[in-house]
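Peer 1: Quick one: this structure, given as structure tokens, is what I'll be asking you about.
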Amino acid sequence: MHPRVIFHIDVNSAFLSWTAVKRVREGLPDIREVPAVVSGDPSDRRSIVTAASIPAKQRGVKTAQPVSMALRMCPELTIVQGDWVWYHECSAGFIAICRTYSPVLQQFSIDECFLDMTWRLSGKDPVETATRLKDEIRDRLGFTVNVGVGPNKLLAKMASDFEKPDKVHTLWEEEIPRKMWPLGVRDLLWVGKKTEQRLLDNGIRTIGDLATVGMGTLTRLVGAKFALQLHDNANGIDTSPVETESQEAKSYSAERTFPEDLTDPKEVDRALFRVAGIVAHRIRKDGFRASCVSMFIKHKDFTVIQKQHQMDGPTDVTALILNEARRMLTEIWDGVTPLRQVGLGVS
């Protein structure tokens, strides 16, 4: 059997990089080189940071925090308004280049994708090919990407998260003990804050710890299905295919725009319940089940923050979809900043 070779391509600081490219083309300074953020309305200090440059991050600025807080940490901060039309153009550009390397492409989000290179390398060095792809995107489009190379999607994505920017990293099965197992459990794909804390409380601190812990202990902590997934992932096991557009399941979404901006978590939760109910009803009606849940929130300055998560197994149950959305909401909303819109989608 021919060994699989999967690439994961991830744009480095996508929204900031794409904004910087446009500004440089207009003869403006490169915001990647100075403390800078992308947000909604730059004149409104209640806007939310959607991306931050490395110099800004070094001064404590983080995404999803109000611009006013970022300015207190870094008074000389440059604030630039995002441009979603331009972002989609940049996304389409890098996806088009990736597709020339392999037609078996799965877009994972606006700024990342998987390529199945198994039958495209013809004896060529995967790292050399990945480096050529990375350099072509940089030279033609003006922004950088990381490329992770591995035998499956999980390891390729883990590899692309290693040192950034503008790098190629491998994570082959024989490299797992050295490169992956020393990492903290939170670095493993699909491990969120609550799961991390549960694992830490029980002495499971690294991915290596997770790979060797007994299944009985892990099942008691996170449940049988998720325990099996975590154990497999910690050992680098992932058999999921790279799904091209023609193979991808249908997607369903719904959103709710509020007459007045909401700040009450209970009202936001009611809105999330409504859209989850609409989406779940649609997939049940069509006989589908969802394995991936995504959601977004839009602030009063039209800043959008998105999040998506792969579920433990496919479902059409409203409560399970809603609970996943609720969990993601706590990661992207501070519970105070006014919201204009909330949306939820499944695929």
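Peer 1: Test of the criteria: in segment 85-164, which GluC sites (Glu not before Pro) are in a DSSP loop and have at most 12 other Cβ atoms within 10 angstrom of their Cβ? If you can, show how the numbers build up before the last one.
Peer 2: Working: sites: Glu89, Glu112, Glu128, Glu136, Glu163; in loops: Glu163.
Those that pass, being in a loop and sparsely packed, are Glu163.
Peer 1: Which of rounded, prolate, oblate describes segment 93-162, given a ≥ b ≥ c as roots of the alpha-carbon gyration tensor eigenvalues and a/c under 1.5 marking rounded, otherwise prolate only if a/b is larger than b/c? Spell out each step's value before the answer.
Peer 2: Working: a/c = 1.34, a/b = 1.16, b/c = 1.16.
Rounded shape, in that the Cα axes give a/c under 1.5.
Peer 1: Sticking with this structure for a sec: Take peptides 234-242, 310-318 and line them up by average Cβ neighbours within 10 Å, highest first, as a rough protection proxy. Write out the running numbers ahead of the final one.
Peer 2: Numbers: 234-242: 17.4, 310-318: 15.6.
In decreasing order of mean packing, 234-242, 310-318 become 234-242, 310-318.
Peer 1: Related question: Suppose R0 equals 41 Å. What FRET efficiency, 1/(1 + (r/R0)^6) with r the Cβ-Cβ distance, do Leu28 and Arg220 give to the nearest 0.05?
Peer 2: Values: r = 56 Å, r/R0 = 1.36.
Here the calculated transfer efficiency is 0.15.
Peer 1: Just order 208-219, 60-71, 254-265 by mean Cβ neighbour count inside 10 Å, highest at the front, would you? Please list the in-between numbers first.
Peer 2: On the way: 208-219: 15.8, 60-71: 17.4, 254-265: 13.3.
Sorting 208-219, 60-71, 254-265 by mean packing, highest first, produces 60-71, 208-219, 254-265.
Peer 1: For the chain, what does the relative contact order come out to in percent, with C-alpha contacts under 8 Å and a separation of six or more? Mind showing how you got there, number by number?
Peer 2: Numbers: 651 pairs, mean separation 54.4, N = 347.
For the chain, the relative contact order is 16 percent.
Peer 1: Can I ask one more? For the chain, set up a GNM with springs between Cα atoms under 10 Å and report which of Val11, Val275, Val85 has the largest fluctuation.
Peer 2: Val85
Peer 1: So for the chain, what are the equivalent ellipsoid semi-axes in whole Å, largest first, each being the square root of 5 times an eigenvalue of the Cα gyration tensor? Write out the running numbers ahead of the final one.
Peer 2: Numbers: eigenvalues 184, 156, 89 Å².
Working through the eigenvalues yields semi-axes of 30, 28, 21 Å.
Peer 1: Which net charge results for the neighbourhood of Arg274, defined as the other residues with beta-carbon distances under 14 angstrom from its beta-carbon, given Lys and Arg at +1 and Asp and Glu at -1?
Peer 2: On the way: positive: Arg256, Lys266, Arg270, Arg282, Arg326; negative: Glu255, Glu267, Asp269.
Taking every Cβ under 14 Å from that of Arg274, the sum is +2.
Peer 1: Same structure, new question: Under 8 Å for C-alpha pairs, at least 6 residues apart: give me the relative contact order for segment 181-234, rounded to a whole percent.
Peer 2: On the way: 56 pairs, mean separation 20.1, N = 54.
Normalised by residue count, the contact order of segment 181-234 is 37 percent.
Peer 1: Also: Please work out how much length the chain gains when fully extended from Asp83 to Glu243, using 0.36 nm per residue of separation minus the C-alpha to C-alpha distance, in nm with one decimal.
Peer 2: Details: separation 160, 0.36 × 160 = 57.60 nm, distance 2.90 nm.
Computed gain between Asp83 and Glu243 is 54.7 nm.
Peer 1: Could you give the length gained by full extension between Thr263 and Trp172, i.e. 0.36 nm per residue of separation minus their alpha carbon distance, to one decimal place?
Peer 2: Working: separation 91, 0.36 × 91 = 32.76 nm, distance 4.66 nm.
Gain on stretching Thr263 to Trp172: 28.1 nm.
Peer 1: Shifting gears a bit: Once every DSSP H run of n ≥ 4 in the chain is given -39500 (n - 2.57) and the sum is divided by its residues, what mean residue ellipticity at 222 nm do you get, rounded to the nearest 500 deg cm²/dmol? Don't jump to the answer; show the numbers that get you there.
Peer 2: Values: 12 runs with 136 residues, N = 347.
It comes out at -12000 deg cm²/dmol, rounded to the nearest 500.
Values in this text are rule-based calculations from the coordinates and carry no lab data. Everything numeric here is computed off the predicted structure, so don't read it as measured data. Every residue, glycine as well, gets a Cβ built from its backbone with ideal geometry; the counts of neighbours run over all protein chains shown.
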